[in-house]
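Below: one structure, written as structure tokens.
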Amino acid sequence: MAKEDKRLVLAEEDCIGCGICVTVCPTNIKQEKDINFDVDSEPRAIAVDNGQAVIDYDLCKACGICTKSCPVDSLTIEVVA
Ligand code: SF4
Ligand code: SF4
């Protein structure tokens, strides 16, 4: 399925800002392997800001890996019609 057909959705009311999704995201992990990557200033596929997960839809590949690690099930993959 192509990237355009799926979308990661966050239930903001459930997210507790634990950051587990940030650490398991393969896109984030790949970025962090780049020695020039600045974690403080560059966007990541998913990050935590002000106690809430924030998805960057330009970077997120909707792979769904983070949805399996969220302790409160606040991340889901939605199929876009
Ligand atoms: S769906 Fe995949 S690429 Fe997007 S934030 Fe989750 S783990 Fe990262
Ligand atoms: S979306 Fe889930 S795993 Fe990510 S910060 Fe929120 S509660 Fe934690």
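Here are some notes:
- Other residues whose C-beta falls under 13 angstrom from the C-beta of Asp34 contribute a net charge of 0, scoring Lys and Arg +1 and Asp and Glu -1.
- Whole-angstrom Cα spans of the chain along principal axes, big to small: 37, 30, 17
- FRET efficiency, 1/(1 + (r/R0)^6) with R0 35 Å, evaluated for Ala81 and Asp40 via beta carbons: 0.40
- Mean separation of Cα pairs under 8 Å and 6 or more residues apart, divided by the residue count, gives region 3-79 a relative contact order of 47 percent.
- Simple rule: put +1 on each Lys or Arg Cβ and -1 on each Asp or Glu Cβ in the chain, find the dipole, and look at Gly64, Ser41, Val22; the Cα lying farthest toward the positive end is Gly64.
- When only the Cβ of Lys, Arg, Asp and Glu is charged (+1, +1, -1, -1), the dipole of region 3-79 relative to its Cα centre reaches about 380 debye.
Readers should treat all values here as calculations from the given coordinates under stated rules, not as data from a laboratory. This one's a predicted model, so the numbers in the text were calculated from it and none came from an experiment. With ideal geometry, Cβ positions are generated from the backbone for all residues, glycine too; neighbour counts draw on all protein chains shown.
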